[in-house]
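What follows is one structure encoded as structure tokens, with my remarks underneath.
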Amino acid sequence: MKKYIDTSFFDLFKVGPGPSSSHTIGPIKAANDFVEKVSGLSRDKLDKAVRLEAWLYGSFASTGKGHGTDRAVAVGLLGEQPETCDIALLERLLQDEDEVYRPAVKGAPKLVFKREDIHFVDGEHDFPYQNTMVLKVLSGSSVLFEKTYYSIGGGFIICEGEKPEEREMPPYRYKNMESLRRIVEKYEIPLAELLLDNEKSLSGNSTEDIDKKLDFIIDNMICAVERGINTEGILPGPIGLQRKAKEFFERSNALENIPDRFLGMLDAFTLAASEENAAGHMVVTAPTSGSAGVLPGIIYFLKNYQKVSDEKMRAGLMIAAAIGFIVRHNASISGAEVGCQGEVGVASAMAAALLAYVNNCDFDRIECAAEIALEHHLGMTCDPVGGYVQIPCIERNAFGAITAYNAYLVASVGDPKMQKVSFDEVVEAMLETGRQMPCAFKETSRGGLAVCSICG
Ligand code: SF4
């Protein structure tokens with residue numbers, strides 16, 4: 001593990017097709033990387049290359065069909081990038097078992113793959129990460145080139161044998177909430193300013209460029225909510241789940257009772273982005289695609305109903321990112337590694353921190369809000385029914401947003417210095433809980449709600 005956090009905002013917040021950052025965006029990125037590496041092989045190897053295979057292990061094998069991992073691999077091999085992916089192409093891929101696809105490899109005229117070349121390998125494996133994918137280029141039965149990729153949550157991937165990219169050391173070096181607090185106190189610097197300085201150093205971008213990129217992320221979140229509250233019908237897959245966000249929004253909008261209206265609106269906005277994710281449409285990982293409803297729901301609400309300024313929203317998003325960075329650095333944001341506490345739980349903590357910031361809370365209360373939100377997701381399992389990111393995922397996002405709001409409210413009273421559990425301690429507890437959680441409850445769809453009778 002690196003000593004200090006050197007994750008960029010735009011590593012964490014990625015735009016791409018749903019329904020799962022680890023099972024959709026990660027595989028697209030791995031396939032993109034593989035295509036690039038294969039393009040660099042010798043002329044001799046490229047002339048001999050005739051077939052490309054993908055072998056999917058662990059949680060990829062058990063829930064990959066429902067998550068569309070096979071189509072994600074295929075679209076990545078065809079050269080589509082997550083951010084600009086052609087959704088219509090993604091949706092029609094692999095329907096015909098005889099269709100032959102040509103990967104975007106330069107200089108390999110005979111290299112192709114078909115649906116039968118993407119293999120789901122059931123059962124236990126010895127790879128160090130749950131979501132493992134091996135990509136191979138073959139000539140007849142001999143392997144000319146292969147690479148193993150791990151998808152470690154939130155769309156982050158590791159290529160086996162490769163060192164993580166070396167980055168410029170950020171000026172403010174922290175590894176957890178406590179070290180972040182010490183820096184803020186020592187330099188008497190506002191938290192958002194500190195995070196912005198680190199981002200400038202990591203990415204080499206100017207403040208103006210970073211603002212534009214943050215606005216792009218916020219716009220994509222808002223678009224996902226808007227599409228969701230304007231769409232009705234049945235979500236893809238065998239469950240036959242009906243979208244609810246549009247009806248919920250229209251009904252809540254007409255309510256006179258203020259508490260019902262507030263809750264209904266927040267539910268509707270969060271459900272909307274989550275339904276878009278389940279439909280395989282464009283969302284933002286926040287920190288993952290499965291949990292891509294919580295922050296957009298809260299942001300949409302703040303922007304449209306509390307009129308939070310763009311500047312404040314950008315700073316709030318940076319602070320939400322810092323919460324995600326700390327969890328990712330010290331534990332995990334992958335449902336396959338630690339269950340849903342690492343996805344919706346972390347999304348809720350990020351949203352609670354953003355809410356606290358935009359409502360003028362100081363560092364202590366921001367930490368307190370994030371801690372409370374994560375604390376009340378500890379132990380939450382990942383057991384998507386039939387392997388589809390629909391039940392419990394969509395409604396769970398709405399509950400995550402409500403918990404975030406409540407966590408901010410609870411954190412805004414009392415003396416935060418008297419808070420008995422720190423954010424770092426709750427992250428540690430989350431990791432330990434995840435480690436002790438049986439595999440059946442970590443995105444394998446082999447236990448809990450996942451095996452209920454809905455899918456027959
Ligand atoms: S249950 Fe949670 S972690 Fe699992 S797929 Fe659904 S949203 Fe992701």
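Numbers for the structure displayed
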item	result
Taking Asp47, Asp126, Asp96 and counting other C-beta atoms within 10 Å, the order from fewest to most	Asp126, Asp96, Asp47
Net charge of neighbours whose Cβ lies under 11 Å from the Cβ of Thr148, counting Lys and Arg as +1 and Asp and Glu as -1	-1
Length added when fully stretched, Ser139-Val410, from 0.36 nm per residue minus Cα-Cα	91.3 nm
Total formal charge among the other residues, if their Cβ is under 10 angstrom from that of Asn397, Lys/Arg +1 and Asp/Glu -1	-3
Förster radius 25 Å - calculated FRET efficiency between Lys2 and Glu188, Cβ distance, rounded to 0.05	0.40
Long pairs among Lys110/Lys442; Lys163/Lys417; Lys65/Lys136; Lys175/Lys212, criterion Cα-Cα beyond 29 Å	Lys110/Lys442; Lys163/Lys417
Between region 396-411 and region 12-51, the Cα center-to-center distance that results, in Å	37
Percent of C-alpha pairs per 20 Å bin, the chain, short to long	26, 57, 16, 1
Length gained when the stretch Asp126-Asp98 is fully extended (0.36 nm per residue, less Cα-Cα span)	6.8 nm
Assigned charges on the beta-carbon of Lys, Arg, Asp, Glu; region 18-159 dipole about Cα centre (debye)	460
Chain lengthening between Leu378 and Ile87 when straightened (0.36 nm per residue, less Cα-Cα)	101.3 nm
Cleavage-rule hits, GluC sites (Glu not before Pro), region 182-223, DSSP coil, Cβ neighbours within 10 Å at most 13	Glu188
Highest-first arrangement of 329-341, 224-236, where packing means the average Cβ count within 10 Å	329-341, 224-236
Proxy reagent accessibility, fewest Cβ within 10 Å first, across Glu116, Glu83, Glu124	Glu124, Glu116, Glu83
Charge dipole magnitude, Cβ of K and R +1, D and E -1 - region 177-455, Cα centre, debye nearest 20	440
Anisotropy class of region 235-377 from Cα gyration tensor, a/c 1.5 cut	oblate
Contact order relative to length of region 18-159, as percent, for alpha carbon pairs under 8 angstrom and 6 or more apart	38
For the chain: relative contact order, % (alpha-carbon pairs under 8 angstrom, 6 or more apart)	18
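Readers should treat all values here as calculations from the given coordinates under stated rules, not as data from a laboratory. These numbers come from a predicted model, not from an experiment. Note: ideal-geometry Cβ built from the backbone for every residue, glycine included; neighbour counts use all protein chains shown.
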